[in-house]
């Protein structure tokens with residue numbers, strides 16, 4: 001007897017987002033082997049599409065096996081050696097994680113802190129790198145999933161490169177939803193996830209690495225203390241000679257390939273516009289319900305909409321439960337200090353539709369009445 | 001326009017194996033969120049079924065995000081601290097990897113070597129642990145995918161435990177195809193993959209960890225240098241309070257749940273018998289074609305059948321290419337020193353059918369004629 005079907009959710013939380021039928025169909029195709037010539041054709045096409053989406057010419061652009069957090073782990077573990085000075089911007093939950101992983105790897109971490117919901121001012125990064133004798137890496141989160149804030153990247157890139165440091169960016173909640181112009185912004189290393197704005201299921205982390213960053217990892221004094229995510233071993237598999245490393249999750253690759261095809265058919269500009277329009281519709285509707293935005297309008301993400309829980313709501317968890325059970329709608333609660341204080345509503349990828357937002361607004365109005 | 005369909009392969013290589021339609025159907029279901037109550041019900045059921053398959057009562061038994069090699073990385077990185085003495089059995093490619101990862105993590109590795117294709121004698125482990133002042137961990141591969149050899153586990157468990165060392169086992173090519181009796185064999189830590197004998201797509205690594213082993217990891221002096229695979233963080237997600245760690249690949253979990261349901265419906269004994277019967281059919285047929293087994297009969301795996309490339313075959317790669325392109329059949333070549341010398345034919349999970357083997361034998365006969 002087959003296992004029970006999951007309830008048909010509409011995913012408007014912080015991810016995963018809903019996935020379109022054509023991508024789910026591709027996911028369920030018959031697997032092929034990890035050395036099948038057809039797989040390498042698929043991977044080449046997929047990697048080319050990822051470069052387009054990232055806005056980069058970086059050869060070493062791959063769909064890493066693992067979720068967005070695996071992307072963070074992978075990029076940090078290849079670059080950081082014990083004793084390295086690393087500067088990390090923290091204005092939310094994921095900046096904190098970047099700092100924590102860096103510390104676990106033995107880095108001396110300088111935190112550049114801003115209030116959650118605000119951006120980090122470039123001057124703060126400037127002061128931090130100036131105070132250090134040398135800097136290996138400056139890292140920041142492009143789109144903070146915990147707050148819904150978009151961090152401007154260009155000024156930080158300049159500050160990092162002036163000190164010959166690499167610039168690392170977390171684009172988990174931006175890639176596919178807002179422009180991520182890796183080459184234009186002079187980003188050295190960037191990772192993302194497939195389950196938010198890219199429109200594929202969770203399980204892969206697109207990463208892109210400049211040659212400069214790749215070479216920094218190759219000139220380490222100590223071996224990368226992580227065999228599974230060692231860039232060199234990975235690259236020898238994804239590029240010729242395609243040396244066996246691990247059994248790549250071929251079905252997730254089928255799905256990602258399909259999702260990327262869908263993105264390029266929609267067109268990047270049209271896709272970004274859809275995310276903006278749907279987010280605008282949502283925020284307008286929420287304002288009409290008396291629900292106030294959390295993030296500053298100037299830096300508000302159209303992909304992850306954070307709002308204050310209305311003051312007259314006593315049990316915000318109960319509201320989310322009713323949305324889930326009565327309407328099949330998932331939205332997210334707050335992380336860390338924002339727990340119980342904000343809701344996080346994702347309008348990402350296939351979830352970013354006028355229909356979904358209309359339903360959510362009606363449901364919220366009904367429940368909050 | 002949708003992307004091209006992959007060619008319909010029959011996967012008789014070292015994995016991934018073919019996947020049954022009901023599992024592929026489950027894979028393509030609509031995703032749900034990583035905190036959805038339905039997901040935790042699914043995970044509880046899935047973990048219970050994994051315990052049955054592993055033959056263990058270990059509470060900490062989870063489907064790790066990542067492939068089998070991620071399972072190896074995860075188990076080693078939680079247990080090993082720099083300077084630890086680790087004993088690793090090496091009679092094939094995957095034992096070598098276990099040693100390499102251990103060294104990257106700073107362990108003093110004592111290798112216990114045997115010729116590829118042979119088992120490692122328990123006495124060799126005994127001598128190795130006796131020569132060390134203390135031993136943290138003894139590791140070995142249950143089913144060497146590179147050679148097709150089954151390593152007996154019980155004597156090694158006893159030798160490890162006599163020295164208060166933990167016993168770690170790689171069951172990537174055995175779980176679901178031959179018995180893996182974790183508790184009966186006194187194994188402390190074991191990892192596997194889903195894409196071989198378990199009948200699911202690649203992307204998850206079932207792992208099981210005894211409380212003793214878990215506590216060893218919790219009493220480390222240094223933090224685990226891998227945030228993504230830190231057992232404590234993982235356990236806090238899979239168990240209550242279900243604290244967010246990473247976005248689990250929900251579609252792969254749907255598929256694994258379905259594959260495990262299928263396994264328990266077939267029955268473990270019936271499933272192991274099917275693997276034995278199909279392997280017997282294959283080896284009998286190959287012998288009739290003059291193709292000789294590589295591994296010693298006594299320790300030959302029924303899941304991964306290694307055979308010598310016939311001496312009259314000049315270009316073994318060409319034979320495998322013809323199998324793939326003319327018959328849609330994938331078999332594997334040799335790894336490491338066995339490259340060009342052996343073929344590795346997987347009869348695992350849904351691939352282990354009389355029909356597949358009959359077709360392979362006919363195709364080989366045709367090509368080798």
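Just so you know, all these numbers are worked out from the coordinates, no wet-lab data involved. Every value quoted in this text rests on a predicted model; they were computed, and no experiment measured them. Because the Cβ atoms are built from the backbone with ideal geometry, glycine has one as well, and the counts that use them run over all protein chains shown.
Computed values, structure above
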| quantity | calculated |
| --- | --- |
| CD proxy at 222 nm, helix term only [per DSSP H run n ≥ 4: -39500 (n - 2.57); per residue of the protein assembly as shown; nearest 500] | -12500 deg cm²/dmol |
| Length-normalised contact order for the range B:326-366 - Cα pairs under 8 Å, 6+ apart - percent | 29 |
| Paired Rg and Dmax values of the range A:6-130, which use every Cα atom, in angstrom | 19.2, 54 |
| Fraction of the pair-distance distribution of the range A:112-199 above 23 Å, Cα-Cα pairs, percent | 21 |
| Axis-nearest residue of A (beta carbon) for the A-onto-B rotation, whole Å | A:28, 2 |
| Nearest-first distances (nm) between copies at residue A:127, label 7 Å from Cα via Cβ | 6.5 |
| Inter-label distance, nm, simple model (7 Å from Cα along the C-beta direction), residue A:7/residue B:40 | 1.4 |
| All Cα pairs of the range B:148-225, percent lying beyond 19 Å | 43 |
| Debye equation applied to the C-alpha atoms of chain A, log10 I(q)/I(0) at 0.09, 0.14, 0.15 Å⁻¹ | -0.50, -1.17, -1.31 |
| Average Cα contact separation per residue, the range B:246-347, under 8 Å, 6 or more apart, as relative contact order % | 23 |
| Two-site label geometry, residue B:219 and residue A:287: point separation in nm, points 7 Å out along Cα→Cβ | 6.0 |
| Span per principal axis, largest first, for the Cα atoms of the range B:232-344 (Å) | 62, 30, 29 |
| The protein assembly as shown pair-distance distribution - Cα-Cα, 20 Å bins, rounded % | 18, 51, 28, 3, 0 |
| 7 Å along Cα→Cβ, label-point gaps from residue B:59 to other copies, nm, shortest first | 5.1 |
| Relative contact order %, chain B, counting alpha carbon pairs below 8 Å whose residues are six or more apart | 25 |
| Pseudo-label separations to other copies for residue A:103 - Cα-to-Cβ vector, 7 Å, nm | 3.3 |
| Span from the the range B:290-369 Cα centroid across to the the range B:202-242 one, whole angstrom | 38 |
| Cα centroid of the range B:44-113 to Cα centroid of the range A:154-180, whole Å | 35 |
| The range B:42-101 - convex hull of the alpha-carbon atoms, volume per residue in Å³ | 117 |
| Pairwise FRET efficiency - residue B:243 versus residue B:164, Cβ, R0 = 25 Å, nearest 0.05 | 0.20 |
